[in-house]
Amino acid sequence: MFVKPLMAAAAALYCSAALSAATPPISEAEIHQYRETLSAAGKALEAGNAAAAFPQVLAMAQKGFAEAQYIVATLYHDGEGTPADSEQARHWYQAAAQNSNPAVAQLAKEALAQLP
């Protein structure tokens, strides 16, 4: 199971200097919602309930949060909480790679290079 390494990566990304999102700029309320959602999803993942975490993180990925995009891509890649889907993994890794957070972009580019 990939959940522990994923949560370690998520924690590192979450603690990065700034949360990144796609244009347009995000509000403080959206950042707060993102943090609350990521915290709840992290608890679900730690409890082994990736199926509960997946839709929470997906909602944040769809709003443009790079960290969430990377996590969703990884969940698709590993089939954690959702059926494995390499095309969806590629889509979300590409979104994360093009986002404004350099640390996430680098991780996403490395993951893209490993996809079949």
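In table form, for the structure just shown:
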read-out: Out of GLU110, GLU67, sole residue that is touching a Leu at 6+ places or on another chain (Cβ under 6 Å) and not β-branched (Val, Ile, Thr); value: GLU67
read-out: Whichever residue in the range 64-96 is crowded, with 16+ Cβ neighbours inside 10 Å and of a type in the set (D, E, K, R) and, among such residues, is nearest to GLN33 (Cα to Cα); value: GLU67
read-out: Qualifying positions in the range 79-105 - modelled with pLDDT under 95, part of a helix (DSSP H, G or I) and not hydrophobic (A, V, I, L, M, F, W, C); value: PRO102
read-out: Test for ALA59: is it modelled with pLDDT under 95 and either under 11 Å from the mean Cα position of the chain (by Cα) or part of a helix (DSSP H, G or I) (or both); value: no
read-out: Filtered residues of the range 48-70 (kept if free of Cβ contacts under 8 Å to residues at least 24 places away in the same chain and within 21 Å of SER27 (Cα to Cα)); value: GLN56, VAL57, LEU58, ALA59, GLN62
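The values are calculated or read from the model by the stated rules, or taken from the named source; none is laboratory data. This is a predicted model, so every value here is computed, not measured. So basically every Cβ, Gly included, is an ideal-geometry build from the backbone, and we count neighbours across all protein chains shown.
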